[in-house]
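J.: Pasting in a structure now, in C-alpha coordinates, and then I'll have a few things to ask.
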Amino acid sequence: MQTLDILNPYNLQVLTFILLNSILAISIYITLSTGQLSLGHAGFMSIGAFTASILTKQADMPLFIAIIIGGLAAGLIALLIGAPTLKLHGLYLAIATLGFGEVIRVVFLNMEITNGALGLTGLQSIGNYLYDFEKAMGLKAQAFGISVMQMKSLSTFLFMLLLFAFVLFLTLRLNRSRLGRAFEAIKADETAARAMGLQVNYYKMLAFVIGSILAGVCGGLFAHITTTITPDDFNYHKVVEILSYAVIGGSEVVWGPLFGALVLTALPEVLRGLAEYKMLMYGLIMVGVMAFRPHGLIGADTFQKLFKRRRGKSSDKEAKGGV
(Lines give C-alpha, C1' and ligand atoms only; values in the text may rest on other atoms or scores of the structure.)
Protein backbone atom coordinates (compact mmCIF):
# COMPACT_ATOMS: atom_id res chain seq x y z
CA MET A 1 0.00 0.00 0.00
CA GLN A 2 2.82 2.42 0.85
CA THR A 3 4.42 1.83 -2.57
CA LEU A 4 1.08 2.56 -4.26
CA ASP A 5 0.75 5.78 -2.23
CA ILE A 6 4.21 6.93 -3.30
CA LEU A 7 3.42 6.12 -6.95
CA ASN A 8 0.08 7.90 -6.79
CA PRO A 9 0.10 10.32 -9.80
CA TYR A 10 -1.05 13.21 -7.59
CA ASN A 11 1.76 12.68 -5.05
CA LEU A 12 4.29 12.36 -7.86
CA GLN A 13 3.01 15.59 -9.39
CA VAL A 14 3.48 17.42 -6.06
CA LEU A 15 7.06 16.11 -5.85
CA THR A 16 7.60 17.14 -9.48
CA PHE A 17 6.48 20.70 -8.74
CA ILE A 18 8.77 20.81 -5.69
CA LEU A 19 11.68 20.00 -8.01
CA LEU A 20 10.51 22.52 -10.63
CA ASN A 21 10.23 25.27 -8.02
CA SER A 22 13.64 24.28 -6.64
CA ILE A 23 15.21 24.95 -10.05
CA LEU A 24 13.29 28.24 -10.12
CA ALA A 25 14.70 29.02 -6.66
CA ILE A 26 18.23 28.44 -8.00
CA SER A 27 17.50 30.90 -10.82
CA ILE A 28 16.58 33.69 -8.37
CA TYR A 29 19.57 32.74 -6.17
CA ILE A 30 22.00 33.22 -9.07
CA THR A 31 20.57 36.67 -9.82
CA LEU A 32 20.70 37.64 -6.13
CA SER A 33 24.28 36.35 -5.84
CA THR A 34 25.52 39.67 -7.28
CA GLY A 35 23.20 41.72 -5.07
CA GLN A 36 20.58 42.38 -7.78
CA LEU A 37 16.97 42.38 -6.62
CA SER A 38 15.16 41.34 -9.81
CA LEU A 39 11.38 40.84 -9.87
CA GLY A 40 11.29 39.89 -13.54
CA HIS A 41 11.59 36.10 -13.19
CA ALA A 42 7.88 35.52 -13.74
CA GLY A 43 8.19 37.49 -17.00
CA PHE A 44 11.17 35.41 -18.15
CA MET A 45 9.32 32.28 -17.12
CA SER A 46 6.36 33.31 -19.31
CA ILE A 47 8.68 33.96 -22.28
CA GLY A 48 10.12 30.47 -21.97
CA ALA A 49 6.69 28.92 -21.47
CA PHE A 50 4.97 30.54 -24.46
CA THR A 51 7.99 30.19 -26.76
CA ALA A 52 8.32 26.46 -26.06
CA SER A 53 4.54 25.93 -26.26
CA ILE A 54 4.21 27.67 -29.63
CA LEU A 55 7.17 25.72 -31.03
CA THR A 56 5.78 22.33 -29.94
CA LYS A 57 2.11 23.05 -30.71
CA GLN A 58 2.38 24.94 -34.00
CA ALA A 59 5.84 24.08 -35.36
CA ASP A 60 5.92 20.41 -34.20
CA MET A 61 9.39 20.90 -32.78
CA PRO A 62 10.81 18.19 -30.46
CA LEU A 63 9.77 19.00 -26.91
CA PHE A 64 13.14 19.32 -25.17
CA ILE A 65 14.67 21.33 -28.01
CA ALA A 66 11.69 23.72 -27.79
CA ILE A 67 12.20 24.08 -24.01
CA ILE A 68 15.90 24.89 -24.51
CA ILE A 69 15.03 27.47 -27.19
CA GLY A 70 12.46 28.96 -24.79
CA GLY A 71 15.17 29.35 -22.15
CA LEU A 72 17.55 30.94 -24.67
CA ALA A 73 14.78 33.33 -25.80
CA ALA A 74 14.35 34.45 -22.18
CA GLY A 75 18.13 34.92 -21.92
CA LEU A 76 18.19 37.00 -25.11
CA ILE A 77 15.45 39.30 -23.80
CA ALA A 78 17.34 39.57 -20.50
CA LEU A 79 20.44 40.59 -22.44
CA LEU A 80 18.49 43.31 -24.28
CA ILE A 81 16.81 44.81 -21.21
CA GLY A 82 19.80 44.21 -18.91
CA ALA A 83 21.97 46.99 -20.34
CA PRO A 84 19.67 49.86 -19.25
CA THR A 85 18.07 48.26 -16.16
CA LEU A 86 21.21 46.93 -14.47
CA LYS A 87 22.46 50.48 -14.08
CA LEU A 88 19.75 50.81 -11.45
CA HIS A 89 20.16 49.59 -7.88
CA GLY A 90 17.99 48.27 -5.08
CA LEU A 91 14.31 49.14 -5.23
CA TYR A 92 14.70 51.00 -8.53
CA LEU A 93 15.91 47.80 -10.21
CA ALA A 94 13.14 45.82 -8.52
CA ILE A 95 10.46 48.22 -9.80
CA ALA A 96 11.94 48.27 -13.33
CA THR A 97 12.04 44.46 -13.59
CA LEU A 98 8.57 44.16 -12.04
CA GLY A 99 7.28 46.57 -14.69
CA PHE A 100 8.99 44.49 -17.39
CA GLY A 101 7.19 41.36 -16.17
CA GLU A 102 3.82 43.11 -16.28
CA VAL A 103 4.51 44.47 -19.79
CA ILE A 104 5.32 40.94 -21.02
CA ARG A 105 2.11 39.60 -19.44
CA VAL A 106 -0.03 42.29 -21.10
CA VAL A 107 1.69 41.66 -24.46
CA PHE A 108 0.86 37.95 -24.25
CA LEU A 109 -2.72 38.82 -23.23
CA ASN A 110 -3.17 40.72 -26.48
CA MET A 111 -1.45 38.38 -28.94
CA GLU A 112 -3.37 36.08 -31.26
CA ILE A 113 -0.66 33.45 -31.34
CA THR A 114 -0.93 33.02 -27.55
CA ASN A 115 -4.76 32.90 -27.73
CA GLY A 116 -5.10 35.97 -25.52
CA ALA A 117 -6.44 35.53 -22.00
CA LEU A 118 -7.51 31.94 -22.75
CA GLY A 119 -3.90 30.89 -23.26
CA LEU A 120 -2.73 27.66 -24.85
CA THR A 121 -4.25 24.26 -24.10
CA GLY A 122 -3.66 20.69 -25.21
CA LEU A 123 0.12 21.02 -25.05
CA GLN A 124 2.33 17.96 -25.32
CA SER A 125 2.95 16.38 -21.93
CA ILE A 126 6.48 15.56 -20.79
CA GLY A 127 5.09 12.32 -19.35
CA ASN A 128 3.61 11.30 -22.72
CA TYR A 129 6.81 12.25 -24.54
CA LEU A 130 9.00 10.21 -22.19
CA TYR A 131 6.62 7.24 -22.18
CA ASP A 132 6.62 7.11 -26.00
CA PHE A 133 10.41 6.99 -25.86
CA GLU A 134 10.31 4.26 -23.18
CA LYS A 135 7.87 2.17 -25.23
CA ALA A 136 10.20 2.42 -28.22
CA MET A 137 12.91 0.95 -25.96
CA GLY A 138 10.59 -1.88 -24.89
CA LEU A 139 9.86 -0.48 -21.41
CA LYS A 140 6.12 -0.70 -20.75
CA ALA A 141 4.13 0.07 -17.60
CA GLN A 142 2.73 -3.46 -17.40
CA ALA A 143 6.26 -4.87 -17.07
CA PHE A 144 6.67 -2.94 -13.79
CA GLY A 145 3.19 -3.74 -12.49
CA ILE A 146 1.95 -0.16 -12.55
CA SER A 147 -0.59 1.75 -14.63
CA VAL A 148 0.32 3.85 -17.67
CA MET A 149 -0.58 7.05 -15.79
CA GLN A 150 1.71 6.08 -12.92
CA MET A 151 4.50 5.31 -15.38
CA LYS A 152 4.12 8.71 -17.04
CA SER A 153 4.07 10.55 -13.70
CA LEU A 154 7.06 8.57 -12.43
CA SER A 155 9.02 9.24 -15.64
CA THR A 156 8.34 12.98 -15.33
CA PHE A 157 9.42 12.97 -11.68
CA LEU A 158 12.64 11.05 -12.38
CA PHE A 159 13.48 13.36 -15.29
CA MET A 160 12.95 16.43 -13.10
CA LEU A 161 15.03 14.84 -10.31
CA LEU A 162 17.96 14.29 -12.69
CA LEU A 163 17.62 17.80 -14.12
CA PHE A 164 17.50 19.34 -10.63
CA ALA A 165 20.57 17.35 -9.53
CA PHE A 166 22.44 18.51 -12.65
CA VAL A 167 21.50 22.19 -12.13
CA LEU A 168 22.39 22.02 -8.43
CA PHE A 169 25.76 20.40 -9.23
CA LEU A 170 26.58 23.15 -11.74
CA THR A 171 25.51 25.83 -9.25
CA LEU A 172 27.74 24.42 -6.50
CA ARG A 173 30.63 24.24 -8.97
CA LEU A 174 29.90 27.83 -10.00
CA ASN A 175 30.06 28.99 -6.37
CA ARG A 176 33.53 27.45 -5.96
CA SER A 177 34.83 28.85 -9.24
CA ARG A 178 36.48 32.19 -10.00
CA LEU A 179 33.13 33.36 -11.38
CA GLY A 180 31.34 32.53 -8.14
CA ARG A 181 33.95 34.36 -6.08
CA ALA A 182 33.51 37.39 -8.33
CA PHE A 183 29.75 37.27 -7.76
CA GLU A 184 30.32 37.08 -4.00
CA ALA A 185 32.75 40.02 -4.05
CA ILE A 186 30.28 42.19 -5.99
CA LYS A 187 27.46 41.31 -3.59
CA ALA A 188 29.61 42.12 -0.55
CA ASP A 189 30.85 45.50 -1.83
CA GLU A 190 30.39 46.59 -5.43
CA THR A 191 32.66 49.63 -5.08
CA ALA A 192 35.51 47.58 -3.60
CA ALA A 193 35.08 44.92 -6.29
CA ARG A 194 35.32 47.59 -8.99
CA ALA A 195 38.43 49.01 -7.33
CA MET A 196 40.01 45.54 -7.41
CA GLY A 197 39.64 45.49 -11.20
CA LEU A 198 36.55 43.29 -11.52
CA GLN A 199 34.31 44.05 -14.51
CA VAL A 200 31.25 44.55 -12.34
CA ASN A 201 28.80 45.27 -15.18
CA TYR A 202 29.89 42.14 -17.06
CA TYR A 203 29.46 39.86 -14.04
CA LYS A 204 26.11 41.39 -13.08
CA MET A 205 24.84 40.95 -16.62
CA LEU A 206 26.09 37.36 -16.70
CA ALA A 207 24.30 36.48 -13.44
CA PHE A 208 21.14 38.20 -14.69
CA VAL A 209 21.18 36.28 -18.01
CA ILE A 210 21.96 32.90 -16.42
CA GLY A 211 19.11 33.35 -13.93
CA SER A 212 16.78 34.40 -16.75
CA ILE A 213 17.68 31.38 -18.92
CA LEU A 214 16.95 29.05 -15.99
CA ALA A 215 13.62 30.82 -15.37
CA GLY A 216 12.76 30.46 -19.08
CA VAL A 217 13.55 26.73 -19.01
CA CYS A 218 11.35 26.39 -15.90
CA GLY A 219 8.56 28.13 -17.83
CA GLY A 220 8.85 25.62 -20.68
CA LEU A 221 8.86 22.73 -18.22
CA PHE A 222 5.85 24.16 -16.38
CA ALA A 223 3.91 24.48 -19.64
CA HIS A 224 4.55 20.88 -20.64
CA ILE A 225 3.87 19.45 -17.19
CA THR A 226 0.52 21.20 -16.79
CA THR A 227 -0.22 21.10 -20.60
CA THR A 228 -2.19 24.37 -20.20
CA ILE A 229 -0.91 27.91 -19.69
CA THR A 230 -2.40 31.41 -19.60
CA PRO A 231 -0.69 34.81 -19.18
CA ASP A 232 -2.19 35.05 -15.69
CA ASP A 233 -0.13 32.04 -14.60
CA PHE A 234 2.80 34.48 -14.52
CA ASN A 235 1.23 37.49 -12.81
CA TYR A 236 2.28 39.43 -9.71
CA HIS A 237 1.41 36.49 -7.43
CA LYS A 238 4.02 34.37 -9.21
CA VAL A 239 6.58 37.16 -8.69
CA VAL A 240 5.88 37.14 -4.94
CA GLU A 241 6.04 33.34 -4.82
CA ILE A 242 9.46 33.19 -6.53
CA LEU A 243 10.88 35.99 -4.37
CA SER A 244 9.51 34.27 -1.25
CA TYR A 245 11.78 31.28 -1.84
CA ALA A 246 14.84 33.48 -1.33
CA VAL A 247 13.37 35.82 1.32
CA ILE A 248 12.06 33.03 3.56
CA GLY A 249 14.76 30.43 2.92
CA GLY A 250 17.62 32.93 2.71
CA SER A 251 19.79 33.99 -0.22
CA GLU A 252 23.29 33.74 1.29
CA VAL A 253 23.72 30.08 0.28
CA VAL A 254 21.93 28.02 -2.37
CA TRP A 255 20.34 25.80 0.28
CA GLY A 256 18.27 28.75 1.53
CA PRO A 257 16.10 29.27 -1.59
CA LEU A 258 15.87 25.48 -2.02
CA PHE A 259 14.51 25.14 1.52
CA GLY A 260 12.10 28.01 0.83
CA ALA A 261 10.87 26.32 -2.37
CA LEU A 262 10.36 23.02 -0.51
CA VAL A 263 8.40 24.61 2.33
CA LEU A 264 6.27 26.94 0.21
CA THR A 265 5.41 24.25 -2.36
CA ALA A 266 4.63 21.53 0.17
CA LEU A 267 2.79 23.78 2.68
CA PRO A 268 -0.38 24.32 0.58
CA GLU A 269 -0.58 20.52 0.09
CA VAL A 270 -0.18 19.83 3.80
CA LEU A 271 -2.76 22.53 4.63
CA ARG A 272 -4.98 21.74 1.65
CA GLY A 273 -8.11 23.09 3.34
CA LEU A 274 -6.45 26.54 3.52
CA ALA A 275 -5.09 26.49 -0.05
CA GLU A 276 -7.14 29.55 -1.03
CA TYR A 277 -5.29 31.53 1.65
CA LYS A 278 -1.89 30.60 0.20
CA MET A 279 -0.78 34.19 -0.45
CA LEU A 280 -1.90 35.21 3.04
CA MET A 281 0.23 32.41 4.51
CA TYR A 282 3.19 33.55 2.42
CA GLY A 283 2.74 37.08 3.77
CA LEU A 284 2.54 35.96 7.40
CA ILE A 285 5.59 33.72 7.04
CA MET A 286 7.48 36.59 5.37
CA VAL A 287 6.63 38.99 8.21
CA GLY A 288 7.72 36.41 10.79
CA VAL A 289 10.99 35.67 9.01
CA MET A 290 11.81 39.37 8.50
CA ALA A 291 11.14 40.00 12.21
CA PHE A 292 13.14 37.10 13.67
CA ARG A 293 15.49 35.96 10.85
CA PRO A 294 16.08 38.95 8.50
CA HIS A 295 18.62 37.01 6.41
CA GLY A 296 16.31 34.01 5.97
CA LEU A 297 15.92 30.69 7.76
CA ILE A 298 19.17 29.29 6.36
CA GLY A 299 22.23 31.55 6.31
CA ALA A 300 25.94 31.12 5.63
CA ASP A 301 26.56 30.35 9.32
CA THR A 302 23.63 27.96 9.82
CA PHE A 303 25.54 24.75 9.09
CA GLN A 304 28.64 25.98 10.95
CA LYS A 305 26.58 26.54 14.10
CA LEU A 306 24.91 23.15 13.68
CA PHE A 307 28.24 21.33 13.34
CA LYS A 308 29.69 23.27 16.31
CA ARG A 309 26.79 22.16 18.50
CA ARG A 310 27.26 18.54 17.44
CA ARG A 311 30.99 18.72 18.10
CA GLY A 312 30.31 20.31 21.48
CA LYS A 313 27.89 17.53 22.44
CA SER A 314 30.28 14.79 21.28
CA SER A 315 33.19 16.34 23.20
CA ASP A 316 31.04 16.58 26.36
CA LYS A 317 30.13 12.89 26.03
CA GLU A 318 33.82 11.96 25.60
CA ALA A 319 34.72 14.02 28.65
CA LYS A 320 32.03 12.34 30.76
CA GLY A 321 33.15 8.92 29.49
CA GLY A 322 36.72 9.69 30.49
CA VAL A 323 35.61 10.65 34.00
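The values are calculated or read from the model by the stated rules, or taken from the named source; none is laboratory data. Every value quoted in this text rests on a predicted model; they were computed, and no experiment measured them. As a convention, Cβ positions derive from the backbone with ideal geometry for all residues, glycine included, and neighbour counts pool all protein chains shown. What goes into the accessible areas is simple: the full protein's heavy atoms, side chains included, and nothing from ligands, DNA or RNA. Shrake-Rupley method; radii C 1.70, N 1.55, O 1.52, S 1.80 Å.
J.: Given the structure, is VAL239 modelled with pLDDT of 85 or more, in contact with a Leu (Cβ under 6 Å, 6 or more places away or on another chain), aliphatic (A, V, I, L, M) and on the phi < 0 side of the Ramachandran plot? Step through it out loud before you land on a result.
T.: On the way: modelled with pLDDT of 85 or more: yes; in contact with a Leu (Cβ under 6 Å, 6 or more places away or on another chain): yes; aliphatic (A, V, I, L, M): yes; on the phi < 0 side of the Ramachandran plot: yes.
Yes, satisfied.
J.: Looking at the stretch 1-30, which of the residues that are assigned to a helix (DSSP H, G or I), of a type in the set (A, V, I, L, M) and at pLDDT below 90 is surrounded by the most Cβ atoms within 10 Å (Cβ to Cβ)?
T.: If we take residues in the stretch 1-30 being assigned to a helix (DSSP H, G or I), of a type in the set (A, V, I, L, M) and at pLDDT below 90, then ILE6 is surrounded by the most Cβ atoms within 10 Å (Cβ to Cβ).
Yes/no matrix, rows are residues, columns are (1) modelled with pLDDT of 90 or more; (2) not aromatic (Phe, Trp, Tyr):
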position: ILE68; (1), (2): yes, yes
position: LEU88; (1), (2): no, yes
position: GLU102; (1), (2): yes, yes
position: GLN124; (1), (2): yes, yes
position: GLY127; (1), (2): yes, yes
position: MET137; (1), (2): no, yes
position: PHE144; (1), (2): no, no
position: LEU161; (1), (2): yes, yes
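J.: GLU252 - would you say it is open to solvent by 40 Å² or more (accessible area, probe 1.4 Å) and either within 20 Å of SER33 (Cα to Cα) or in contact with a Cys (Cβ under 6 Å, 6 or more places away or on another chain) (or both)?
T.: It is true that GLU252 is open to solvent by 40 Å² or more (accessible area, probe 1.4 Å) and either within 20 Å of SER33 (Cα to Cα) or in contact with a Cys (Cβ under 6 Å, 6 or more places away or on another chain) (or both).
J.: While we're looking at this one, here's another question. Counting only residues that are part of a helix (DSSP H, G or I) and either of a type in the set (Ser, Thr, Tyr) or touching a helix residue (DSSP H, G or I) at 6+ places or on another chain (Cβ under 7 Å) (or both), how many does the stretch 275-299 have?
T.: Summing the residues that are part of a helix (DSSP H, G or I) and either of a type in the set (Ser, Thr, Tyr) or touching a helix residue (DSSP H, G or I) at 6+ places or on another chain (Cβ under 7 Å) (or both) in the stretch 275-299 gives 9.
J.: Filter the stretch 219-240 for residues that are under 14 Å from the mean Cα position of the chain (by Cα), under 18 Å from TYR277 (Cα atoms) and open to solvent by 20 Å² or more (accessible area, probe 1.4 Å) and give the result.
T.: LYS238, VAL240
J.: Here's another thing I want to ask about it. Does THR191 satisfy being among the hydroxyl-bearing types (Ser, Thr, Tyr), assigned to a helix (DSSP H, G or I) and free of Cβ contacts under 8 Å to residues at least 24 places away in the same chain?
T.: yes
J.: Inside the stretch 139-197, can you point out the residues that are open to solvent by less than 50 Å² (accessible area, probe 1.4 Å), more than 19 Å from ILE23 (Cα to Cα) and polar (S, T, N, Q)?
T.: Hits for the stretch 139-197 are GLN150, SER177.
J.: Residues being touching a Leu at 6+ places or on another chain (Cβ under 8 Å) and either modelled with pLDDT of 90 or more or within 28 Å of GLN199 (Cα to Cα) (or both): count how many of those fall in the stretch 146-159.
T.: 7
J.: A further question follows. I'm told LEU55 meets every condition in (1) closer than 28 Å to LEU174 by Cβ; (2) open to solvent by 30 Å² or more (accessible area, probe 1.4 Å); (3) among the aliphatic types (A, V, I, L, M) except one. Can you identify the failing condition by its number?
T.: Going through (1) closer than 28 Å to LEU174 by Cβ; (2) open to solvent by 30 Å² or more (accessible area, probe 1.4 Å); (3) among the aliphatic types (A, V, I, L, M) one by one, LEU55 breaks only (1).
J.: Name every residue in the stretch 166-178 that is over 15 Å from the mean Cα position of the chain (by Cα) and in a helix (DSSP H, G or I), in order of residue number.
T.: Once the filter is applied, which keeps residues that are over 15 Å from the mean Cα position of the chain (by Cα) and in a helix (DSSP H, G or I), the stretch 166-178 yields LEU172, ARG173, LEU174, ASN175, ARG176, ARG178.
J.: Here is a further query. Has the stretch 199-218 got any residue that is open to solvent by less than 20 Å² (accessible area, probe 1.4 Å), of a type outside the set (Gly, Ala, Ser) and free of Cβ contacts under 8 Å to residues at least 60 places away in the same chain?
T.: Yes, the conditions are met somewhere in the stretch 199-218.
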